[in-house]
Amino acid sequence: MKSSGSASLGSGRALLACAFVSLSACSRSAPPSRFPTADDAIARMRATYACVRGVQGESKVDYFGEQGRVRGNTLFVAMKPERLRFDVFSPFGVTLSTLTSDGKDFALLDIGGKRFWAGPATACNVGRFLRVPVPPHALVSLLAGEAPVLVHDAVATTVAWESGSYVLRLASKYDAEETIRLEPVDLDWDKPWNQQRVHVLGVTVVQQGIELYRVELGDFETSHTAKPRTDPDGIDPDVPPSGPPCDVETPRHVRIVSEASAQDVLLVHGDLVLNPPLLPGLFVQSPPAGVKLLDAQCR
């Protein structure tokens, strides 16, 4: 990614916020049939995305942090529960770096700097290098449009219709709280609540009064199951999709902000496909010759 030191963090955040004005610009009255409980709403969210095993796409990334503004392009594959691959490339299509995490092992190849980091696939390692302040499992869900849900007791939850969307509030362990904003998709607005599909508009996680991360999602479009991967030479067999047929509305804008780490990133997706074919070794990598090996340890 290319860094621009002239852009201030404050002005950058204001720019990113403008991308999501539409989320609060339209405040509708509640649908005729409303979710009785927060867990009923969560169940409908999970049903909406039940066919999604993972997502693949290309994204423009706009990041703001202590070092200024960074822009870039990335190809990514994110598979449940927490497998990730991000290939950052230049405007000319040249790969600059590759990050992989298979849920156990993490690796990052910096091609220009001839450096290779390897270590455990911790949330800290992935977040530090990817500059996205959420755990890997949460990032995988969010890229497809689904909210990660903290462990909670049903009696410690509430659901209300506020400012044009459902607002779910969950109390969790270790003095953590989560807020999730949902809305029914337009085609399901007048259906009974137990038949409604939903969009996740926002997720906020706070622990001991500190906002760990806040996510805003928008610009939903329908994504479809990826086609089988074929060998152009006709030698190797086709690789089928990694999941069932699936047609789901997914967000094209995903903004993630963290007060705790002073990070602010906007991902603007192009076309997304669901349940992509997976080749062996996609989420792992070995150091090529001529690179400096570095230990990625982060807590």
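The values are calculated or read from the model by the stated rules, or taken from the named source; none is laboratory data. The shown structure was predicted, so the numbers you read here are calculated from the model rather than taken from an experiment. Don't worry about glycine lacking a Cβ; one is built from the backbone with ideal geometry, like all the others, and counts go over all protein chains shown. These accessible areas exclude ligands, DNA and RNA; they are computed on the full protein's heavy atoms, side chains included. Shrake-Rupley method; radii C 1.70, N 1.55, O 1.52, S 1.80 Å.
So which GluC sites (Glu not before Pro) in segment 28-128 pass both tests, a DSSP loop state and at most 12 other Cβ atoms within 10 Å of the Cβ? Here the sparse-neighbourhood loop sites are Glu66. In a simple Cβ point-charge model (Lys, Arg +1; Asp, Glu -1; nothing else charged), segment 147-299 has a dipole of about 380 debye relative to its Cα centre.
Near Phe116: Cβ cut-off under 10 Å, other residues only, Lys/Arg at +1 and Asp/Glu at -1. The net charge is +2.
Size descriptors for the chain (Cα atoms only): Rg and Dmax, in that order, 19.7, 64 Å. Relative to one another, the C-alpha centroids of segment 73-101 and segment 116-146 are positioned 12 Å apart. Relative to the longest principal axis of the Cα atoms of the chain, the long axis of helix 9-18 makes an angle of roughly 50 degrees.
The dipole here belongs to the chain: it is taken about the Cα centre, uses +1 on the Cβ of Lys and Arg and -1 on the Cβ of Asp and Glu, and is about 600 debye. What does the C-alpha gyration tensor say about the overall shape of segment 215-299? Classify as rounded when a/c is under 1.5, otherwise prolate if a/b is larger than b/c, or oblate. Cα axes put segment 215-299 in the oblate bin.
Each residue was assigned an accessible area with a 1.4 Å probe, and for Cys124 the value is about 40 Å². Across segment 268-279, coupling constants 3J(HN,Hα) worked out from phi with the 6.51/-1.76/1.60 Karplus curve, θ = phi - 60°, read 10, 7, x, 5, 10, 10, 9, 6, x, x, 10, 8 Hz, and Gly and Pro carry x. Computed extension gain for Cys51 through Ala289, at 0.36 nm per residue and net of the alpha carbon distance, reaches 81.6 nm.
Using just its DSSP H runs of length 4 or more, each adding -39500 (n - 2.57), the chain gives a mean residue ellipticity at 222 nm of -4000 deg cm²/dmol after division by all residues. Rounded, prolate or oblate: which fits segment 132-226 when a ≥ b ≥ c are the square roots of the eigenvalues of the alpha-carbon gyration tensor, with rounded for a/c under 1.5 and prolate only if a/b beats b/c? It comes out oblate by the Cα gyration axes. The alpha-carbon of Lys104 sits under 17 angstrom from the alpha-carbons of these lysines, leaving out residues fewer than 8 places away in its chain: Lys80. What residue among Ile111, Ile235, Gln285 has its Cα farthest toward the positive end of the dipole of the chain, where the charges are +1 on Lys, Arg and -1 on Asp, Glu, each on the Cβ? So the residue we want is Ile111.
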